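Trainee: Structure below; questions to follow.
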Amino acid sequence: MAIMTTAQALVKFLNNQYVSFDGKETRFVDGIFTVFGHGIVCGLGQALDEDPGELKVYQGKNEQGMAHTAASFAKQHNRRKIIACSSSIGPGAANMITAAATATVNNVPLLLFPADTFSCRQPDPVLQQFEQSHSLAITTNDAYKPVCRYWDRVARPEHLMSAMINAMRVLTDTANTGAVCISLCQDVEGESYDFPESFFAKRVHKITRINPSDDELQDIAEIILSAKKPLLIAGGGVRYSEAGKTVEDFCEKFNIALAETQNGKSAVLSSHSHNLGGVGVTGNLAANRIAKDADVVIGVGTRFSDFTTASKSLYQNPDVKFVTINTDRFDAYKLDAVKCVGDAKLTVEKLDKILSGKGYKTAYTTEIADAKADWAKEMEILSAYSYDENFEPLIKARYEKTIPEFVDMYKGAVTQTAALAYIRNNIADDAIAVAAAGSLPGCMQRMWTSDVRDTYNMEYGYSCMGYEIAGALGSKMAEPDREVYAFCGDGSYLMLHSELVTSIQEGKKINVLLFDNAGFGCINNLQMSNGIGNLATEFRKRDENGQLLGDLMPIDFAMSAAGYGVKTYSVRTMEELAVALEDSKKQTVSTLIDIKVLPKSMTDGYDAWWHVGIASTSGKDSVRNAYKNKSENLKKARRY
């Protein structure tokens, strides 16, 4: 037996957790991120100060930001290593809730230790305590329950043991991992208990490949064998299973078209002969063209999000069937699919043997190659797309004010697509790209190529603004020898960039590519294309009529970041981008390239539709027309 505080026992326990995957054993918990406050510093803080063991202590600057960093770190390690996060009670704890939801939606392990109120209730209401008059048992930390895979409150020292064993169970679960919240009552953190030594024994949590059942394998094999033009969609499960090469070989062997989700991108290589690229609302013309005619859609490790299916309207073959391979039974049932619950790599390998035994081949001739060739031509256009006298008339009818005003304000601008293409062609193949929200995810799923595995870290399950820079830091901490680039809009940058300072503190160089288009450009595009006026989506001053329709606000993001110690660049032309990008490679500190990007110059469309809530009654013709268009598209979509 060992007498120690609850917090000291927690630190000792975390030091002895390991995972094993395919026989490779690694330490599971790298360290703990924290923003200390009164609820955590004297308990967990004391334990970490006295004896942290092998755990590194990282100082976050914003609780949400540090938790995004930890989630990205776990993702870049393919969920086999984590950084825990701790906060004080009240607002510090509430700040991590968004990151918890982001991790859970994306099935990424995230271990959170928010401090809680006093179990004894003696000082109630303690500083930052949230009180509900109908129940004193409710605290801020109860708000974690809807967004976590596992939630527990340590209100007695002995609660720690069952809480942490269950935490490890969920964090190492391939099907249902996500955020885990272990709420620590602040008086209990410092309370001593005689813990059994067995609690601190080395534990190796085996992350096992789920073996598919023969019956379910036969079910999906029969459907695929009947397919003439199947499409396989590779999701995040392909990445975490390390099944990319297996899926590529499978598609090539049987001549099956291949497409990728945002989380599946870089699990399969962009240059592969059968990879059409991104599919769905943010997908490209090649993948979406093939998807429309597919008679069988094979979802591997994907949860078939709204964007991936274009609000269930993309797959237009009247006889289309869906089969799924997924470790999560819930996701395997999506789209009324015939399911096979199992590990992606293991299941595809077994499916390969069945199809080979039947001599299966699809009926595709040149369709896959033709679609890829047509998209390559479109890529040439997008890559060369720059602002000149021919650009403005294309969109002047809708955006006649913003573009000339923006160009005049910054004395130049580059298009988003040309900038992305140049960056992709002029950074290392193994550089890691991180992004999350706005128009960049659409442009990048279409235009970004990944020919080194696990180099595309897109948080698009939650599309959480503010993940980009924190996520880049997490990726750099996971893979310090690679260059990491955060692709970030000006809206996301203003929302959360605090961990840029942490990157300087930790000596972890990240490169922020800030695409400034004067506001929330993606949503501005969405609202105006659906007949709504320009309302609070551009960064404009209030005008003489009291509306947010005044002058655009010029912002020098490079100047603000320079104050942190970041090497910065201001870019208004493609020539300036070339110089800045090349010089940034020579730097040893984090860099920020402030790129003034022409508004409305993102990619769009490519035969996909997205269902958004549009007013069914309006006095404006533009809104009525948008609603009519929605109704027509909805007729073509699956009901559920």
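The values are calculated or read from the model by the stated rules, or taken from the named source; none is laboratory data. As the structure is a computational prediction, the values presented were derived from the model and not from experiment. FYI the Cβ positions are ideal-geometry reconstructions off the backbone, even for glycines, and counts take in every protein chain you see. Heavy atoms of the whole protein, side chains included, go into the accessibility calculation; ligands, DNA and RNA do not. Shrake-Rupley method; radii C 1.70, N 1.55, O 1.52, S 1.80 Å.
Trainee: Give the calculated FRET efficiency between Lys586 and Ala373 to the nearest 0.05, with a Förster radius of 35 Å applied to their Cβ-Cβ distance.
Mentor: Once rounded, the FRET efficiency stands at 0.40.
Trainee: When only Cα pairs under 8 Å and 6 or more residues apart are kept, what is the percent relative contact order across the chain?
Mentor: With pairs under 8 Å counted, the relative contact order is 13 percent.
Trainee: Something else now. Pulled fully out, how much extra length does the chain show between Ser356 and Tyr422, if you take 0.36 nm times their separation in residues and subtract their Cα-Cα distance?
Mentor: Taking 0.36 nm per residue and subtracting the Cα distance, the gain is 19.5 nm.
Trainee: Follow-up question, since we're still on this one. Which whole-angstrom value gives the distance between the alpha carbon centres of the stretch 87-158 and the stretch 9-23?
Mentor: One Cα centre to the other: 24 Å.
Trainee: Percent of Cα-Cα pairs per 10 Å bin, from 0 to the last occupied bin, for the chain, please list those.
Mentor: Calculated over all Cα pairs of the chain, the distribution is 3, 16, 24, 25, 20, 10, 3, 0 percent.
Trainee: Separate question: Net charge within 15 Å of Leu269 by Cβ-Cβ distance, Lys/Arg positive one each and Asp/Glu negative one each, not counting Leu269 itself?
Mentor: Summing Lys and Arg as +1 and Asp and Glu as -1 gives -3.
Trainee: Would you tally the net charge around Arg79, using a Cβ to Cβ cut-off of less than 10 Å, leaving Arg79 out, and scoring K and R as +1, D and E as -1?
Mentor: That sum, taken over residues with Cβ under 10 Å, equals +3.
Trainee: Could you give me the ³J(HN,Hα) list for the stretch 131-147, computed from phi with Karplus coefficients 6.51, -1.76, 1.60 and θ = phi - 60°, whole Hz, x at Gly and Pro?
Mentor: Once rounded to whole Hz, the list reads 10, 10, 5, 8, 6, 6, 7, 8, 10, 3, 5, 5, 5, 6, 4, x, 10.
Trainee: Here is a follow-up. Would you mind calculating the gained length between Arg203 and Ser616 on full extension (0.36 nm times residue separation, minus the Cα-Cα distance), in nm to one decimal?
Mentor: Answer, rounded to one decimal: 142.9 nm.
Trainee: With the dipole of the stretch 5-68 worked out from charges on the C-beta (+1 for Lys and Arg, -1 for Asp and Glu) around the Cα centre, which of Leu55, Ala67, Phe33 lies farthest toward the positive end?
Mentor: Ala67
Trainee: Let me ask something else about it. Using just the helices of the chain, give the 222 nm mean residue ellipticity in deg cm²/dmol: DSSP H runs with n ≥ 4 each add -39,500 (n - 2.57), and the total is spread over all residues, rounded to 500.
Mentor: Rounded to the nearest 500, it is -10500 deg cm²/dmol.
Trainee: Let me ask you something else. Under a crude label model (7 Å from the Cα following the beta-carbon direction), how far is Lys541 from Asn629 in nanometres?
Mentor: 3.4 nm
Trainee: Okay, moving on. How far, in nm, would the chain grow between Leu225 and Thr365 when pulled straight, counting 0.36 nm per residue and subtracting the alpha carbon separation?
Mentor: 48.7 nm
Trainee: At a Förster distance of 22 Å, what's the computed FRET efficiency of Val579 paired with Lys411, Cβ-Cβ distance as r, to 0.05?
Mentor: 0.85
Trainee: Among Asn317, Leu346, Val188, whose Cα projects farthest towards the positive end of the dipole of the chain, with charges put on the beta-carbon of Lys, Arg (+1) and Asp, Glu (-1)?
Mentor: The residue sitting most towards the positive pole is Asn317.
Trainee: Which order do the peptides 590-600, 36-46, 67-77 come out in when sorted by mean C-beta neighbours inside 10 angstrom, highest first?
Mentor: 67-77, 590-600, 36-46
Trainee: Let me ask another. Which residues does the label zone of Asp607 cover in the stretch 312-353, counting backbone N under 18 Å from a point 7 Å along Cα→Cβ?
Mentor: 312-321
Trainee: Can you tell me the order of 222-230, 17-25 when each peptide is scored by its average per-residue count of other Cβ atoms within 10 angstrom, highest first?
Mentor: Packing proxy ranking, top to bottom: 222-230, 17-25.
Trainee: Right, next: State in Å² the accessible area per residue of the stretch 1-157; use a 1.4 Å probe, count heavy atoms of protein chains only, and round to the nearest integer.
Mentor: Here the residues of the stretch 1-157 average 37 Å² of exposed surface.
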